[in-house]
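These notes are about the structure you will find just below.
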Amino acid sequence: MSVVKKLCTILCMIAIPCMGTFPALAGNDLPTITVIHSRTIDNIALYVGVEEGLFEEAGINVKLMYVKGEQNILAGVLRGDIDAGEISLSSLCKLAEKKIPIKLVSWLGHAHAKTKCGIHIGKDSKYKTLKDIKGLRIATSGSLAAKTLVRRAAELGGYEMKDIRPLWGGRPDNPMQHEAALRSGGIDAFIV
Amino acid sequence: MLEAHGASRILASFHDIVPHWVFTGMYFTDDFLAENPDIVRKFLVGLVKSFDFVTNHEMEARKHLPKYTKVPEDMCMICALRELQPAEPLSRLEDQHRLMVRYGFMKEMQDISTMIDYSYLPEGSH
């Protein structure tokens, strides 16, 4: 076998297994963007888009990157380390005030009649409706969105903030901790 | 999830408190949009197709959740999903914003329309 043939054989042996690993070798010379995700169920459309090949079908590769915290994400986007970030409406309103040079191009959904996110209370709690939440000890993340929802919930029940006992920043990270806190009676409710 | 574990019941959902409460959205910098409009359009074509897929093949879509969220599969199959809509009406967003101002969490209303650009969305989705 000539040197050239040997070289070609070696190159083929390297290139063929790599075709699935490197998109360019597999004929996928689509542009790639880095998009943030927050490891939540609410990002389902991003996961489906990647896994079902819907972004590729649209002519783009999407690389998902996890970064915690809107401030960190914004810093990454403004620096150019991340191409697309995720932001809440409340934070967008704040950024409007500061005239930060970003544009929201699509929302990722809204609450509806079957939404399970909201104020969760212990299964055997004495609180039944928003009309009887006087004294309710409610833990929330302390975000602007959570504060707005708690304030509005109190208002719907006919109360003011002084009538309930919010614990800002008191929201645990995972469901098991929520469950433990509710079962222990240390807290009456969560916004989750 | 808490409900499914029998640990809690829902007193009021976000929707009960503020109908159609809008959560989060995707954004790019103004520079990126100016330099890469086609890339953004392609991303949004894929995203809107994903919305349709989740809406029309919900159980199939849910199967992708455990890989990314680390939430147990049984929970991923029953948890409530958002209603996916790429372009929310400005009036809905302003109502939500107005509450924040009314409760003193923000000083005054801002023109949030300057922070939103639906023009990159595919035809028919805005």
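The values are calculated or read from the model by the stated rules, or taken from the named source; none is laboratory data. All values derive from a computational prediction rather than experimental measurement. Note that each Cβ is placed from the backbone with ideal geometry, even for glycine, and that neighbours are counted across all protein chains shown.
Points to keep in mind about this one:
- Hits in region B:89-112 - residues which are among the hydroxyl-bearing types (S, T, Y) and facing chain A (nearest Cβ under 8 Å): B:Y103
- Odd one out for B:G104 among (1) at positive phi; (2) without any contact (Cβ under 8 Å) to a residue 60 or more places away in the chain; (3) within 14 Å of the chain's Cα centre (by Cα): (3)
- Condition met for A:I60 (within 9 Å of chain B (Cβ to nearest Cβ), farther than 25 Å from B:A12 by Cα and surrounded by 21 or more Cβ atoms within 10 Å (Cβ to Cβ)): yes
- Test: residue in region A:127-136 that is facing chain B (nearest Cβ under 8 Å) and within 18 Å of the chain's Cα centre (by Cα): no
- Selected residue [crowded, with 16+ Cβ neighbours inside 10 Å and not basic (K, R)] from B:L99, B:L90: B:L99
- Criterion: under 30 Å from A:K98 (Cβ atoms) and free of Cβ contacts under 8 Å to residues at least 40 places away in the same chain - qualifying residue of B:A87, B:A61, B:A80: B:A87
- Restricting A:L95, A:L144, A:L156 to residues that are at negative phi, within 7 Å of chain B (Cβ to nearest Cβ), surrounded by fewer than 21 Cβ atoms within 10 Å (Cβ to Cβ) and more than 23 Å from the chain's Cα centre (by Cα) narrows the list to A:L156.
- Residues of region A:59-85 that turn out to be more than 14 Å from the chain's Cα centre (by Cα) and part of a loop (DSSP other than H, G, I, E, B), as a count: 6
- Among the conditions (1) at pLDDT below 90; (2) closer than 27 Å to A:E86 by Cα; (3) facing chain B (nearest Cβ under 7 Å); (4) crowded, with 20+ Cβ neighbours inside 10 Å, A:L108 misses just one, which is (1).
- Filter result (of a type in the set (D, E) and either touching a His at 6+ places or on another chain (Cβ under 7 Å) or touching a residue at least 40 places away in the same chain (Cβ under 8 Å) (or both)) within region A:67-121: A:D81, A:D83, A:E86
- From A:I36, A:I44, residue being modelled with pLDDT of 95 or more, more than 7 Å from chain B (Cβ to nearest Cβ) and crowded, with 23+ Cβ neighbours inside 10 Å: A:I36
- Residues that are over 17 Å from A:R39 (Cα atoms) and of a type in the set (S, T, Y) within region B:51-74 comprise just one, B:T55.
- Of all residues in region B:1-37 being assigned to a loop (DSSP other than H, G, I, E, B) and at pLDDT below 95, the one that is surrounded by the most Cβ atoms within 10 Å (Cβ to Cβ): B:M1
- Identity of the residue in region B:38-86, more than 7 Å from every other protein chain (Cβ to nearest Cβ) and in a loop (DSSP other than H, G, I, E, B), that ends up surrounded by the fewest Cβ atoms within 10 Å (Cβ to Cβ): B:I78
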